[in-house]
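Right, one structure below, let's go through it.
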Amino acid sequence: MLVAMRGAIPDGLSIVTSNALILAGAALRRSGLAVFLGQKRHFGVGAVVTLLWVALCFFPPFRENLVARINYLYSFLILNCLWIVWMAFRDNREKLRSVRLLGVTMLSECAAFVWFVLHQNLHTFPDYLSSFPESFMTVYLVTLLFSSIMTFVLPPCMVIERSLLGFKEQALQDALTGLPNRRAFLDNASSWVADRKSEEQVYSVIMLDLDRFNSVNETFSNAMGDAVLRLFGRVLKDTTGENAMQGRITGEEFVVFLPGADKEFAMLTAQRICRQFGHSCQEASEGKLLVSASVGLVTTHSGVDLERAMEVAGRGLHKAKQQGQAQVVAMDLTPGGGLTKSSRIAGFSFLRKKVA
């Protein structure tokens, strides 16, 4: 409005105030995106640039030089747009499409600023208003109009997309342990198996169940039971590696999918989980709580469906529970998915003094 009112109000007031607001507003736009993405706001940068603009306008050589004013103003606007583009693609950890679209919008706005500055420097118009009849101003203003509309529309879209993403994560995540729930685990692991069905790559499935978990609830309360489940979920994350897929199937039953893992690696992983869980329980309760886990596992290839592998691993888990606490039972499958035999290996339990 101040720019449009030039001629009706003193040019000095219009030039200083309108451009100071533009600089401050551009800085706040970047800071707003930083808040949304959880980054540093850097309010001071915009304040310094704005105050420096006001100070420079008190010097007649700068205030009366249109090209100098344009170069100062648009240099910051261009850098600010590039900063937003960088944040939209680099700091967008949630990979929100609306944020990426905002980055594309800012890139087009940056191009418009560069287009405008180049023409102003090449043609050296005597004043700002004299450049309006030029054709390059039409392109510049239309691009700015598009950018303005998009920057009004996209922030609500960003909030909505983040909310929908949060709802989706909640639907696929176990609220207590933070692990993927049964549905999410099956989707992820089944996709891996299906994508490599023709290659017949090896994989392992580990089924785990906490031994005598109900006694923990009865003796120490349900709150303690929930704490034990959360601890076990954390142990699974910490001990199974980045490529592993973990999930909570039912109350105290968990599963781990190990892509590319042979039988020996799966056995070592299962024993490491049991050992770490037992140690963590004893350490957290100062020796008052001794909880172990039983394990059933199977190693097969991607030609065998995940459901079949989980069924066989579940049989191994059932055998481990029957044989006592902290047992690991490995099941073997034929190339066609048929069951051949099982082998029993003692797991790790703090109840076993010689192992401890």
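A few notes on this one:
- Remark: region 111-214 carries a charge dipole of roughly 200 debye about the Cα centre, counting +1 on each Lys and Arg Cβ and -1 on each Asp and Glu Cβ.
- Solvent exposure of the chain as accessible area per residue, Å², 1.4 Å probe: 52
- Mean Cβ count within 10 Å, highest first, over the residues of peptides 196-208, 266-278: 266-278, 196-208
- FRET efficiency, 1/(1 + (r/R0)^6) with R0 35 Å, evaluated for Ser191 and Arg230 via beta carbons: 0.80
- Rounded to 0.05, the FRET efficiency of the Leu28 and Gln173 pair, given R0 = 25 Å and the Cβ-Cβ distance, is 0.10.
- Among 45-52, 109-116, the order from most to least packed when residues are scored by Cβ within 10 Å on average: 109-116, 45-52
- The stretch between Leu118 and Ser75 holds 14.3 nm of extra length on full extension. This uses 0.36 nm per residue minus the Cα-Cα distance.
- Each Lys and Arg adds +1 at its Cβ and each Asp and Glu adds -1 at its Cβ; summed about the Cα centre, region 1-151 shows a dipole of about 700 debye.
- Amide H contacts under 5 Å for Gln173, placed H, 5+ residues apart: Asn181
- Positive dipole terminus of region 152-280, leading residue within Leu210, Asn222, Ala261 (C-beta point charges): Asn222
- Correct option for percent of Cα pairs over 32 Å apart [calculated from the coordinates] among (i) 54; (ii) 31; (iii) 34: (i)
- Checking the cross-link pairs Lys168/Lys321; Lys197/Lys263; Lys288/Lys319; Lys237/Lys263 against a 23 Å limit on the alpha carbon distance flags Lys168/Lys321; Lys288/Lys319 as lying beyond it.
- Listed residue (Ser302, Met106, Ala330) projecting farthest to the positive dipole end of the chain, Cβ model: Ala330
- Highest mean packing first, where packing is the average number of other Cβ atoms within 10 Å per residue, the peptides 137-144, 21-28 line up as 21-28, 137-144.
- Two-site label geometry, Glu286 and Thr250: point separation in nm, points 7 Å out along Cα→Cβ: 3.6
- Within the chain, helix-based [θ] at 222 nm, where runs of 4 or more DSSP H residues each add -39,500 (n - 2.57), nearest 500: -20500 deg cm²/dmol
- Apolar share of the accessible surface for the chain: 60 percent from carbon plus sulfur atoms, 1.4 Å probe.
- Taking the Cα centre of region 209-276 as origin and assigning +1 to Lys and Arg Cβ atoms and -1 to Asp and Glu Cβ atoms, the resulting dipole is close to 160 debye.
- Helix runs (DSSP H) in the chain reaching 18 Å along axis by Cα, Kyte-Doolittle at least -1.0: 11-37, 43-56, 66-90, 97-123, 135-171, 182-195, 222-239, 263-284, 306-323
The values are calculated or read from the model by the stated rules, or taken from the named source; none is laboratory data. Quantities reported herein were computed from a predicted structural model and do not represent experimental measurements. All Cβ positions, glycine included, derive from the backbone under ideal geometry; neighbour counts span all protein chains shown. The accessibility values were calculated without ligands, DNA or RNA, using every heavy atom of the protein model including side chains. Shrake-Rupley method; radii C 1.70, N 1.55, O 1.52, S 1.80 Å.
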